[in-house]
1. What ratio of Cα Rg to 2.2 N^0.38 Å holds for region 88-150?
2. Order 34-46, 134-146 from most to least packed using the mean count of other Cβ atoms within 10 Å.
Amino acid sequence: MNGSTIIFYLLAAMALVFAALSVTTRQIFRAAIYLLFTLISIAGIYFWLQYEFIAAVQIVVYVGGIVVLIIFSIFLTQQTGEKLPKQKTDRKIFAGLAVFAGFALTILQIYQHTFFETDESAITPTVQNIGTKMLTVDNGGYALPFEVISMLLLAAMIGCIVIALREKKNIEPQRQEDREEHKRIV
């Protein structure tokens, strides 16, 4: 095993660990930070594969766009220290089944696909070639994925607005100091 393989496994392990932490933590701010590290690890894998443009898009769109929006909405709602509610057991079972079904579907699609070698040379990743591919709607064009990314950013913005506008429940403070602080604020 050489150094390049070690770097790949390290980046992949980081992405998996931070992804697992982001969905299992109950603190919303920590979940956003873990998501940030997951996406940066994936960008590192793209850099390792020498896909600099895709890595830059990963950082700009996902890290710079979506995660920053999520963190801003958390700060706007002043819910940084709050814990997320515990999930019910039936929801955990459903989530586990959904993950298993998605994984099984992915493996099934990989095994059913026939991979073949081609004699065509690889396209050099220049800005002109990438721009041409992004504007092409024919076979091999990236116009549809480009539009899907814009819809993803729109959905992230709407989600952040919903989080920012959500009202906090009026919970009566338990301790005497908290009651006095609550009266002072109200």
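Every number in this text was worked out from the coordinates using simple rules, so none of it is lab data. Since the structure is predicted, the reported quantities are computational estimates derived from the model, not experimental observations. As a convention, Cβ positions derive from the backbone with ideal geometry for all residues, glycine included, and neighbour counts pool all protein chains shown.
1. My calculation over the Cα atoms of region 88-150 gives 1.74.
2. Per-residue mean Cβ counts within 10 Å order the peptides as 34-46, 134-146.
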